[in-house]
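Asker: Here you go, one structure.
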Amino acid sequence: MTLFDHALDAQALIGSRAREAPARAAARPPRLAPGKLPPGAILFGPLALVAIWELASAVGWLSPRFLAAPSTAIVTGYELLVGGTLADHFLASAFRAYLGLGIGVALGLALALAAGLSRIGEASIDGLVQIKRAIPTLALIPLAILWLGIGEAMKIALIATSVLVPVYINTHAALRGIDIRHVELARSVGLSRADFLREVALPGALPGFFTGLRLAVTTCWTALVVLEQINTSEGIGYLMNRARDYGQTDIIVVGLAIYAILGLASDFAVRSWERRTLSYRKALAS
Amino acid sequence: MTAAIHPFRQSTGADAAVRLRGVSRRFSGRTVLGEVSLDFAPGEFVALIGKSGSGKSTLLRALAGLDDGVEGEGTIEVPADRSVLFQDSRLLPWKTVLQNAVFGLRLPDADRRGRAALADVGLSGREDAWPNALSGGEQQRVALARSLVRQPRLLLADEPFGALDALTRIRMHELVFRLIGQHGPMVLLVTHDVDEAIKLADRVLVMEDGRIVLDRQVGLPHPRPRDGRVDALRADLLAALGVVDAV
Ligand SMILES: Nc1ncnc2c1ncn2[C@@H]1O[C@H](COP(=O)(O)OP(=O)(O)OP(=O)(O)O)[C@@H](O)[C@H]1O
Ligand SMILES: [Mg+2]
């Protein structure tokens, strides 16, 4: 057999494969979307990262002055917890975040209802909130410090104002986007305005409110992290700032982990509340 | 355009009537309904057919009192107890089947009536289901229960079977016919289906360009006899619709 023959053979092979391929494709349609992950599989990425990180620290590639090993951070976290200071700092941060969140959500919801359900409300509120939306919360820090000082009031007020925006925007949009066919139905059964609000407008706007709430939770943590860098003597941010001064990367890692856990837990709580409240939607998927 | 509130009288009681005098409606100056005058006999089942865009829904919405703000003239008198059956079921997804069936019903025994109405449409046992879990035909049956639970004197139905498959539609015809027979309201059924009109209605109106161009009593017993009288009526209606029945 000459080289030339081999080349011919190879060509024939390619040809026959090419001819086979469509037949196989027809027998079994290709999988276009990736399949569903088994439960817990989403943890693979984070766990792999922690493993590599631990390994890199163990063999000395990562100096503790640069980044502490996860195992060191766990031990440090445990010691801080037992020593009693961590719980206090954690509670101080959580208190700030949730009080700001609560006030902001309540305000955002109230403003959205006022603007979404009345023309006077719309005229007087909507423009203001849109302007507030254009100004980043961080830009308000100087004024807030002048007005409220550098204490807790300033921090909670700023968290509340940043949280207010996503709640307002999404709830208001949902109230405005109410299904005109539902309005017609309500008129045809002779519903009063109060009943219409209670039975149609508000439940119809609930999905929008939840979208806003989930964004609000994220916003709340972002604002908290930034604000805890300013004059605090308590809180996870204070803990991390002090650790920076002493080069204690293990405490910084503990702080980051706590922020992550608080953020994830809040998001999880909002999601499960949403799932329970909007359970009527489930039937759509099944 | 002025935000017109049309002369609209709602009468109560057993002799509540449907009476239209010179009813016209315009959209941006274009006449969609021209001087319609119409009376319904008590308990009469009237079908309204006509080409797409001829003004059927506009007339129905005028009777329902859902057309505030539309330009127009004429007086309308309808029973205060009336209900509307839309082409889509318009169930509120956040209310259960039972809550949807009694939506807007302010009576102490609303719950009992709702369950009875759902049983009438063959949906007992589904009271606590969410509308999203129901098939299209089942959703439309909930809508039917909702419109009959308040025992209206006038039922206004705008192509209520349009979105259903042929088999479900036949079942709905039987159901509606039986339930209407029990309650005895006046009915205005808008449909594009000539056979549906002949099958169900006592009287068929044909609309063209906002005017009623044919007004025919069916005058045949139920179920419709399978003879030339139905064919003749169908041919007349199709002719009025401008369709030549080639088959
Ligand atoms: N809100 C509106 N604004 C402007 N034009 C409208 C409006 N509603 C209806 N029309 C017009 O009025 C005409 C009649 O509409 P209508 O809905 O009464 O027709 P129809 O007979 O019910 O038609 P179909 O069988 O397609 O439902 C149409 O030309 C339509 O475009
Ligand atoms: Mg129509």
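Asker: Residues in the range B:123-160 that are more than 16 Å from ligand 2 (Cβ to nearest atom) and in contact with a strand residue (DSSP E or B) (Cβ under 7 Å, 6 or more places away or on another chain): how many?
Answerer: 8
For (1) open to solvent by 70 Å² or more (accessible area, probe 1.4 Å); (2) assigned to a strand (DSSP E or B); (3) under 17 Å from B:Met186 (Cβ atoms); (4) of a type outside the set (Phe, Trp, Tyr), each residue gets a yes or a no:
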| site | (1), (2), (3), (4) |
| --- | --- |
| B:Arg9 | yes, yes, yes, yes |
| B:Ala14 | yes, no, yes, yes |
| B:Ala17 | no, no, yes, yes |
| B:Gly22 | no, yes, no, yes |
| B:Val32 | no, yes, no, yes |
| B:Pro42 | yes, no, yes, yes |
| B:Val46 | no, yes, yes, yes |
| B:Ser54 | no, no, no, yes |
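Asker: So, in the range B:75-89, exactly how many residues are closer than 29 Å to B:Arg113 by Cβ and either more than 16 Å from ligand 1 (Cβ to nearest atom) or touching a Phe, Trp or Tyr at 6+ places or on another chain (Cβ under 9 Å) (or both)?
Answerer: Count: 10.
Asker: Here are B:Val97, B:Val84: which of them is buried (at least 22 other Cβ atoms within 10 Å of the Cβ) and over 13 Å from the mean Cα position of the chain (by Cα)?
Answerer: Every option except B:Val97 fails the conditions.
Asker: Can you name every residue in the range B:53-74 that is touching a residue at least 24 places away in the same chain (Cβ under 8 Å) and more than 10 Å from ligand 1 (Cβ to nearest atom)?
Answerer: Those that are touching a residue at least 24 places away in the same chain (Cβ under 8 Å) and more than 10 Å from ligand 1 (Cβ to nearest atom): B:Leu63, B:Ala64, B:Gly65, B:Asp68, B:Glu71, B:Gly72, B:Glu73, B:Gly74.
Asker: Follow-up. In the list B:Ala163, B:Ala157, B:Ala117, which residue meets the criterion of being small (Gly, Ala, Ser) and either within 11 Å of another protein chain (Cβ to nearest Cβ) or free of Cβ contacts under 8 Å to residues at least 60 places away in the same chain (or both)?
Answerer: Unique residue meeting the criteria: B:Ala117.
Asker: Counting only residues that are of a type in the set (A, V, I, L, M, F, W, C) and loosely packed, with under 11 Cβ neighbours inside 10 Å, which one in the range A:272-286 is modelled with the lowest pLDDT?
Answerer: A:Ala285
Asker: What's the number of the condition A:Leu224 fails, among (1) of a type outside the set (Val, Ile, Thr); (2) farther than 30 Å from B:Leu63 by Cα; (3) open to solvent by 20 Å² or more (accessible area, probe 1.4 Å); (4) away from chain B (no Cβ under 14 Å)?
Answerer: (3)
Asker: Follow-up. Among what's in the range A:189-204 and is within 30 Å of the chain's Cα centre (by Cα) and more than 8 Å from chain B (Cβ to nearest Cβ), pick the residue that is nearest to B:Phe86 (Cα to Cα).
Answerer: A:Ala201
Asker: What is the one condition in (1) within 14 Å of chain B (Cβ to nearest Cβ); (2) over 23 Å from the mean Cα position of the chain (by Cα) that A:Phe210 does not satisfy?
Answerer: So the condition that A:Phe210 fails would be (2).
Asker: In the range A:154-172, is there at least one residue being within 12 Å of another protein chain (Cβ to nearest Cβ), small (Gly, Ala, Ser) and in contact with a Gly (Cβ under 8 Å, 6 or more places away or on another chain)?
Answerer: no
Asker: Identify all residues within the range A:44-62 that are open to solvent by 100 Å² or more (accessible area, probe 1.4 Å) and under 19 Å from A:Val254 (Cβ atoms); write none if there are none.
Answerer: A:Leu47, A:Leu49
Asker: State the number of residues belonging to the range B:49-96 that are away from ligand 2 (no atom under 16 Å from the Cβ) and either farther than 27 Å from A:Arg198 by Cβ or away from chain A (no Cβ under 14 Å) (or both).
Answerer: Of the residues in that region, 9 qualify.
Asker: Right, next: Considering A:Ala243, A:Ala257, A:Ala265, A:Ala269, which residue is in contact (Cβ under 8 Å) with a residue 12 or more places away in the chain, away from every other protein chain (no Cβ under 14 Å), over 18 Å from B:Trp94 (Cβ atoms) and open to solvent by 30 Å² or more (accessible area, probe 1.4 Å)?
Answerer: A:Ala257
The values are calculated or read from the model by the stated rules, or taken from the named source; none is laboratory data. Not measured: the values here are computed from a predicted model. When we count neighbours, we look across all protein chains shown, and the Cβ atoms used for this are built from the backbone with ideal geometry, even at glycine. Heads up: the accessible areas ignore ligands, DNA and RNA and are worked out on the full protein's heavy atoms, side chains in. Shrake-Rupley method; radii C 1.70, N 1.55, O 1.52, S 1.80 Å.
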